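The values are calculated or read from the model by the stated rules, or taken from the named source; none is laboratory data. Just so we're clear, the structure is a prediction, and the values are computed from it rather than from any experiment. Neighbour counts are summed over all protein chains in view; Cβ atoms, including those assigned to glycine, are modelled from backbone coordinates with ideal geometry.
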Amino acid sequence: MMFLAPSAAPRLRHLLQAAGFVAVSLGGLACNRQQPVEETAAPAVSAEKPVPGPALLALADSNAATLLLPYGRQYPASGVVLHTRLGDIKVKLYDDTPIHKANFLLLSRRGVFDETVFNRVLKGFAVQGGASDHRTIRMNRYRLPPEIRPQHFHRRGVLGMARYDDEQNPGQLSSSTDFYFVQGEKLTPAQSLAMAGRPLSPEQQRAYATVGGVPSLDGKYTVFGEVTEGMDVVDKIANEPVDDYKWPLTDVAIRVEILP
């Protein structure tokens, strides 16, 4: 999912014009993908204690699944905790989206997300992270094959991965770095059906009515996890004052801890 930002300002946060734009029905809003840049500094991982797994400079669209799937099987984890200045967000990662799960674990273990912030906030819709003004870890631009599962829909609190829109990306390949948490709002069955533009199961209608979410995103983006503790922290991030590009005025930095 992607936001579109103007290109006039010099900071990286204002260079998101390379991201695509996907129109959605919730107030005309959409989500963003930062275009990763090639870095020049050496990886922050110590040579004495290398983190196992595929090299970040070896990953590409063509081999991401081939390299990530065995890594995920060999080095499993149940989820992660995102530590922020506003509190902690505990996340369960789904086993039935193994490519996205393995990718998130690999980048977390390599410290990639520890150099990023929550860079796009749309209150009542979603908060997005994974961008950085100061990333030093070198990695290729690569995308992930979609793992869109009907049982994982965009109710409040789920974790999804951003991507380019269908015109630029007909294969619906996900970003490797730009993730989002759905905040969403409670919707009547009529509202959720109108927003989705397609039939919804009774379970989905109940969830959107009692918990909230963004049904217009279903079937378009890979949902690969959910918040199990700390949804109040997501709400705090959504309440942060933002600039004209929806980037929080005071950065909300991320530090990721892997759970067993």
- Note on the structure: The residue that is farthest from the chain's Cα centre (by Cα), considering only those in segment 110-135 that are part of a loop (DSSP other than H, G, I, E, B) and of a type in the set (S, T, N, Q), is Ser132
- Message: Which residue is nearest to Leu217 (Cα to Cα), if the candidates are limited to segment 164-183 and must be in contact with a Pro (Cβ under 9 Å, 6 or more places away or on another chain) and either at pLDDT below 95 or surrounded by fewer than 23 Cβ atoms within 10 Å (Cβ to Cβ) (or both)?
- Response: Gln172
- Looking across segment 89-109 at residues that are in contact with a Leu (Cβ under 7 Å, 6 or more places away or on another chain) and not in a helix (DSSP H, G or I), the single one that is farthest from Glu147 (Cα to Cα) is Ile89
- Query: Can Asp165 be described as in contact with a Gly (Cβ under 6 Å, 6 or more places away or on another chain), among the charged types (D, E, K, R) and part of a loop (DSSP other than H, G, I, E, B)?
  - Reply: yes
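Could you look through segment 111-120, keep only residues that are out of contact with any Asp or Glu (no Cβ under 6 Å at 6 or more places or on another chain) and not charged (D, E, K, R), and pick out the one that is surrounded by the fewest Cβ atoms within 10 Å (Cβ to Cβ)?
The initial filter retains those residues of segment 111-120 that are out of contact with any Asp or Glu (no Cβ under 6 Å at 6 or more places or on another chain), namely 111-116, 118-120.
Those still in the list that are not charged (D, E, K, R) too: 111-113, 116, 118-119.
Details: Gly111: 17, Val112: 25, Phe113: 24, Thr116: 24, Phe118: 26, Asn119: 27.
Ranking the candidates gives Gly111 first.
Taking segment 223-259 only, how many residues are in a loop (DSSP other than H, G, I, E, B) and on the phi < 0 side of the Ramachandran plot? Break it down stepwise before answering.
Here is the first cut: in segment 223-259, the residues in a loop (DSSP other than H, G, I, E, B) are 230, 239-241, 243-247, 249-252, 254.
With the extra rule that they be on the phi < 0 side of the Ramachandran plot, the set shrinks to 239-241, 243-245, 247, 249-252, 254.
Residues meeting the conditions: 12.
I'm checking my understanding of the structure. Among residues of segment 135-153 that are charged (D, E, K, R) and under 21 Å from Leu69 (Cα atoms), which one is surrounded by the most Cβ atoms within 10 Å (Cβ to Cβ)?
Restricting attention to segment 135-153, the residues satisfying the condition of being charged (D, E, K, R) are 135, 138, 141, 143, 147, 149.
Of the ones still in play, those that are also under 21 Å from Leu69 (Cα atoms) are 141, 143, 147, 149.
Numbers: Arg141: 14, Arg143: 21, Glu147: 19, Arg149: 14.
The selected residue is Arg143.
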